[in-house]
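The values are calculated or read from the model by the stated rules, or taken from the named source; none is laboratory data. Given the structure is predicted, the values throughout are model-derived calculations rather than measurements. Neighbour counts are summed over all protein chains in view; Cβ atoms, including those assigned to glycine, are modelled from backbone coordinates with ideal geometry. Areas reflect the complete protein model, heavy atoms only, side chains present, ligands, DNA and RNA absent. Shrake-Rupley method; radii C 1.70, N 1.55, O 1.52, S 1.80 Å.
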Amino acid sequence: MKPPITEESTPRQVAESYWRVESERDIEKVGQHYHPDAVFMPPGENLVGWHNIKKWYEESFRRFPGLEVEIVHEISQGSEAALEWKAVLTNVTGVRHALVGVNIVRVENGKYREVRAYFDPASLT
């Protein structure tokens, strides 16, 4: 079992914990990785506050009940990191969609303050 996230956790540690619970599709645990007023920017969107971010996750979890993620490269400096990842999203009919992308994150007190996610959403259709 991985150690819990603390206020001193690195961006990589926060991301690993976040992707673990996102893969479990546990929206409440995902929310524990964000500050209440965090900013999340998936392609084409700018969501501010967990209330708005949560809606994005609810839709994602509904469309894709399965997720596997692997961090393949990291560049970190202090509270910020660029994390390149490979993922597989599985839709409700069992079709698997391979996806690659990068999350640029800023962590404050062991939680996401800002996440900018870069990937091609067209690969999910």
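Observations on the structure shown:
- The listed residues His51, His97 rank as His51, His97 when sorted by accessible area, largest first, using a 1.4 Å probe.
- Label assignment, semi-axes √(5λ) of the Cα gyration tensor in Å derived from the structure, set [x] 20, 19, 15; [y] 22, 16, 15; [z] 31, 19, 14: [y]
- Selected from Gly31, Leu47, His97, residue furthest toward positive end of dipole (the chain; charges at beta carbon): His97
- Distant alpha-carbon pairs in the range 61-125 (separation over 16 angstrom), percent: 53
- Counting only Cα atoms, the size of the range 1-74 along its three principal axes is 29, 27, 24 Å, in decreasing order.
- For Tyr118, the shell of other residues with beta-carbons less than 14 Å away shows a net charge of -2, using +1 for Lys and Arg and -1 for Asp and Glu.
- Expressed as a whole percent, the accessible area of the chain that falls on carbon and sulfur atoms is 52 (1.4 Å probe).
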